[in-house]
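So the structure is just underneath, and the comments pick up after that.
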């Protein structure tokens with residue numbers, strides 16, 4: 001009986017000792033490694049993203065979107081994640097557990113533009129404006145963004161701004177049929193400058209055979225003739 005009592009006492013002592021060691025090593029620490037995983041909006045790993053802690057430590061993600069900082073102090077840290085073609089992400093990390101993992105999602109320019117286009121198609125113009133601003137923060141010179149901005153301004157009936165943006169686009173793509181057709185529609189329907197709209201379409205037809213463009217010219221010509229006859 002005595003032998004059993006001492007064995008039980010030893011077991012309780014060891015268990016208590018192990019518990020106190022665990023608390024000390026896992027709940028409280030000065031520095032510990034920090035592992036991070038960076039994904040895009042499709043849950044695919046983002047390679048080559050730059051992760052910066054407290055404007056001091058930095059590392060790039062590997063091909064699997066993983067990043068490792070060998071010694072990060074206990075407490076709060078600012079985190080900034082950047083990569084060309086993606087929206088910058090900023091956050092505050094409260095590093096309080098050795099097993100903690102830094103997870104973050106980066107949104108690409110093309111993903112934001114897809115959402116912008118979807119918002120406009122569904123008539124959600126406030127949401128579309130937000131996506132426009134986010135996309136401009138990534139690359140304001142992106143051609144798709146600039147064209148969608150033309151569509152947005154057209155929907156908002158900001159016609160002078162539309163024509164200004166189209167003029168800049170035509171300096172880059174002077175004979176792009178879709179840009180030209182958008183310009184003609186704004187002139188014809190938005191500003192009722194019908195003659196000018198027809199001239200815009202006619203000016204590129206000799207060098208650009210496009211069925212949609214020809215159909216639009218025919219439609220506008222008929223509408224103008226009908227109004228004249230009335």
Determine, yes or no, whether residue 109 is touching a helix residue (DSSP H, G or I) at 6+ places or on another chain (Cβ under 6 Å), surrounded by 16 or more Cβ atoms within 10 Å (Cβ to Cβ) and farther than 16 Å from residue 65 by Cα.
yes
Of everything in the range 215-230, what is surrounded by fewer than 18 Cβ atoms within 10 Å (Cβ to Cβ) and modelled with pLDDT of 90 or more? Give them in sequence order.
215, 218, 219, 221, 222, 223
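Take residue 86 and decide whether it is assigned by TED's automatic domain parsing to the domain that holds residue 213, farther than 30 Å from residue 201 by Cα, touching a helix residue (DSSP H, G or I) at 6+ places or on another chain (Cβ under 9 Å) and surrounded by 15 or more Cβ atoms within 10 Å (Cβ to Cβ).
On the way: assigned by TED's automatic domain parsing to the domain that holds residue 213: no; farther than 30 Å from residue 201 by Cα: yes; touching a helix residue (DSSP H, G or I) at 6+ places or on another chain (Cβ under 9 Å): yes; surrounded by 15 or more Cβ atoms within 10 Å (Cβ to Cβ): yes.
Answer is no for this residue.
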If we ask which residues in the range 68-127 are touching a residue at least 24 places away in the same chain (Cβ under 8 Å), closer than 30 Å to residue 30 by Cα and part of a loop (DSSP other than H, G, I, E, B), their number turns out to be 6
Within the range 195-213, take every residue that is closer than 21 Å to residue 227 by Cβ and surrounded by fewer than 15 Cβ atoms within 10 Å (Cβ to Cβ) and give me the one that is farthest from the chain's Cα centre (by Cα).
195
So, residue 183, is that one under 17 Å from residue 148 (Cβ atoms) and assigned to a helix (DSSP H, G or I) or not?
yes
Only one of (1) more than 20 Å from the chain's Cα centre (by Cα); (2) loosely packed, with under 15 Cβ neighbours inside 10 Å; (3) closer than 26 Å to residue 210 by Cβ is not met by residue 156, so which one is it?
(3)
Among the residues of the range 179-191, are any out of contact with any strand residue (DSSP E or B) (no Cβ under 8 Å at 6 or more places or on another chain), surrounded by fewer than 13 Cβ atoms within 10 Å (Cβ to Cβ) and touching a residue at least 12 places away in the same chain (Cβ under 8 Å)?
no
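The values are calculated or read from the model by the stated rules, or taken from the named source; none is laboratory data. Every value quoted in this text rests on a predicted model; they were computed, and no experiment measured them. Cβ sites come from the backbone with ideal geometry, for glycine too, and all protein chains shown count toward neighbours.
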